[in-house]
Structure formats: C-alpha cells, structure tokens
Amino acid sequence: MDDDSVSGRLLDSAVRRRTLIAALGVGVGAGVLGNASPALAAVAGWSNPTLGTLTSGYKTPSRPTHTGWDVANNQGTPVYATADGTVRDVKTNSYPGDTTSGPLAGRTGNSVHLNHADSYFSYYGHLHRVLVSVGQQVSCGQLIGLMGNTGNSSGPHLHFEIHRPRLTSTDPRVLLANRGITLGATAPVGSTGYPSVSQGASGWVPRVVQYLVRARGISVVVDGVFGPGCASAVRSFQSSRGLYADGVVGPITWTALVLPLREGNSGDLVRGLQTALNARGASLIVDGGFGSVTATAVRSFQSRNGLVADGLVGPVTWSVLV
Ligand SMILES: [Zn+2]
C-alpha cells in the first residue's frame with residue numbers, strides 16, 4: 001500500500017457518508033453524533049493516531065522498557081493527533097540520552113509531543129515528516145506528521161505513547177480500546193468523508209481547494225476550475241508537505257490542507273470555509289473574515305449534520321462540509 005492507493009481512491013457520496021458515520025460511531029461516539037445510541041461506547045474526543053499493523057507492544061516481557069505501541073505501515077502514512085491539544089515539543093534528530101519527553105525520546109528520531117486536557121500527554125516517534133510546530137493548537141484527528149523510519153528504527157512505523165501525567169506512561173492500546181477505538185485499525189477522526197478531486201473538475205469544491213492552497217502561500221487562480229495550473233499548485237503543496245505529488249486532492253491531501261478555524265480567524269482558509277458553507281445552504285459574503293455571522297452559519301451546519309454545534313471548524317466538520 002502507498003499514499004497513492006489511498007489518496008487516489010474515489011468514493012461516491014453514499015459510501016463516503018457510510019464510511020464517515022461508521023468512523024464516527026466507532027471512534028468518536030456521543031460527542032460528535034448528538035444522539036448516539038447507548039451501544040456506542042466510544043468516548044468523545046479521541047482518535048486512532050494512524051492505520052497499520054501492531055508490531056510491538058507496551059512493556060512486553062522482552063521489551064519491559066518499551067512504554068508505547070508500534071504501528072507499522074508505509075513511510076508517509078498520515079499520523080493524526082489522538083486528541084485536542086497543544087504541541088509541547090517537536091524534536092528532529094533527537095539524541096541518545098534525551099529523556100525530556102520519556103525514556104525512549106532520545107531514540108525515536110523526529111517526534112511530536114502533545115499536551116492534552118486532564119494532564120494527558122501523547123507522543124509520536126520515528127516520523128518521516130513533522131507537520132506541526134511548537135505552540136500550535138491541534139484538533140483531535142488533525143494531521144500532525146507522516147510515518148517514517150527516523151531514529152532507532154528498522155522500518156517505517158509510529159511509536160505511540162500516552163502519559164498521564166507526563167512521564168507516567170499508560171498502555172495506549174488499552175486507553176483507546178476503553179474509548180471504543182482499535183489502535184491501528186479504527187478510521188482516524190477526520191480522515192474519512194473527503195471527496196477525491198482532480199484535474200477536470202469544476203464547481204465549489206475545486207474553488208475551496210484553490211482557497212486552501214492559496215492560504216499556504218502557493219499562487220493559484222481561484223476560479224472553481226481544476227485545470228493544469230490548479231493541478232500544478234496542488235503538486236507544489238503536496239511536495240511541500242512531503243506527500244505523494246500526484247496533483248489529486250484525495251483524503252490525505254485534504255487532511256493536510258484543512259486547519260482548525262474559529263471565530264476571529266481570517267484569510268483564504270476562511271474564504272474556503274465560507275465557500276463550502278454557502279454550497280451547503282448559507283448565504284455568506286466570502287470576505288475571509290470569520291465573524292459572528294460565519295460562526296452562526298457553522299453552528300447551523302453542524303446542527304443539521306448531527307455534529308456538536310460549537311462553531312469550531314475542526315477535522316470532522318471540515319470532512320462533512322466538503
Ligand atoms: Zn516503539
């Protein structure tokens with residue numbers, strides 16, 4: 001499996017919807033689906049961090065100091081925040097003996113450390129690329145990096161730890177299982193439900209893509225026509241993020257393009273949001289200002305789609321919007 005096989009997948013809207021609901025039902029539950037059935041035992045606000053095969057466990061007899069789980073997949077597989085939080089630390093070329101983030105921190109190459117509410121802490125090691133920076137706020141299910149083979153590693157995998165409090169590790173597979181999530185297998189929050197958009201497409205979805213690409217400082221004409229120039233701009237964006245540069249906006253590229261938005265934000269990301277909201281029934285002026293009118297439109301959209309109507313546009317709201 002490679003990036004291409006995922007990002008190039010074309011899902012019709014019915015399948016997308018089913019996939020999304022399945023993912024939300026298993027992985028998120030009551031917090032996102034307003035009236036979730038009691039059979040859904042999942043706890044809101046947590047996500048499987050990546051897809052792959054479990055290759056090494058938490059504090060096994062042969063590796064008693066291994067304080068996380070290893071999930072293996074191809075280099076470049078997306079890695080997502082397991083919960084809302086703040087980027088506490090990003091390490092590149094971390095060094096042997098560095099234990100500031102846990103006993104394995106100095107051996108796990110490029111890594112991301114997130115602080116979460118309630119003294120939770122999560123840690124993602126061996127990354128190929130880190131896609132967040134220190135101090136950045138991240139949403140549950142937000143793309144934070146790409147799986148890799150950096151540090152003391154013999155093949156691409158994610159080394160994943162959860163601590164509570166920090167430096168007191170807990171078995172992340174058990175923690176997620178208690179929240180209805182199967183580590184490595186449950187669709188990560190916000191990773192499903194995106195359409196695949198490529199050259200030849202036209203309309204509001206390509207227009208949203210163009211705003212989101214332009215928001216990253218890449219020059220592209222916002223005309224709603226996914227022509228060669230748009231494909232070239234998408235490839236530039238993909239290259240800049242370490243993604244497979246095929247010019248197709250599939251689920252992985254979408255998760256890299258969208259960023260959490262809230263009232264007070266401004267710019268082309270907000271123009272993309274306003275364009276999508278208008279396509280979903282709102283009547284906003286596409287001015288790039290996320291004010292109270294846009295916030296009301298977001299909450300209305302969220303209510304109509306069974307999402308928590310908090311006015312915050314995170315990965316789940318984005319994935320349902322487009
Ligand atoms: Zn490991």
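Things worth noting here:
- Among residues of region 159-171 that are within 13 Å of the ligand (Cβ to nearest atom), those with a Cβ under 8 angstrom from a residue that is assigned to a strand (DSSP E or B) and of a type in the set (D, E, K, R), sequence gap 6+ or separate chain, pair up as H159/D70; F160/D70; S169/E161.
- When region 99-133 is filtered for residues that are of a type in the set (G, A, S) and either modelled with pLDDT of 90 or more or in a strand (DSSP E or B) (or both), the ones remaining, listed by number, are G102, S111, A117, S119, S122, G125, S133.
- When G227, G217, G200, G193 are checked against the criterion of being out of contact with any strand residue (DSSP E or B) (no Cβ under 6 Å at 6 or more places or on another chain) and at pLDDT below 95, G193 stands alone in meeting it.
- Candidates are the residues of region 174-202 that are of a type in the set (A, V, I, L, M) and in a loop (DSSP other than H, G, I, E, B); the one that is nearest to I144 (Cα to Cα) is V189.
Yes or no, residue by residue, for (1) touching a Lys or Arg at 6+ places or on another chain (Cβ under 8 Å); (2) in contact (Cβ under 8 Å) with a residue 40 or more places away in the chain; (3) not assigned by TED's automatic domain parsing to the domain that holds I144:
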{"site": "Y244", "(1), (2), (3)": "no, yes, yes"}
{"site": "N265", "(1), (2), (3)": "no, no, yes"}
{"site": "N278", "(1), (2), (3)": "no, yes, yes"}
{"site": "L284", "(1), (2), (3)": "no, no, yes"}
{"site": "G291", "(1), (2), (3)": "no, no, yes"}
{"site": "S300", "(1), (2), (3)": "no, no, yes"}
{"site": "G311", "(1), (2), (3)": "yes, yes, yes"}
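- Of the candidates R179, R207, R173, R164, the single residue that is buried (at least 19 other Cβ atoms within 10 Å of the Cβ), modelled with pLDDT under 95 and charged (D, E, K, R) is R179.
- The numbered conditions (1) of a type outside the set (D, E); (2) farther than 30 Å from R299 by Cβ; (3) surrounded by fewer than 19 Cβ atoms within 10 Å (Cβ to Cβ) are all true for A233 except (3).
- Unique match (being part of a loop (DSSP other than H, G, I, E, B), among the polar types (S, T, N, Q) and out of contact with any helix residue (DSSP H, G or I) (no Cβ under 6 Å at 6 or more places or on another chain)) among S219, S232, S319, S300: S219
The values are calculated or read from the model by the stated rules, or taken from the named source; none is laboratory data. Please read all numbers here as calculations on a predicted model, not as lab measurements. Glycine gets a Cβ as well: all are built from the backbone with ideal geometry, and neighbour counts include every protein chain shown.
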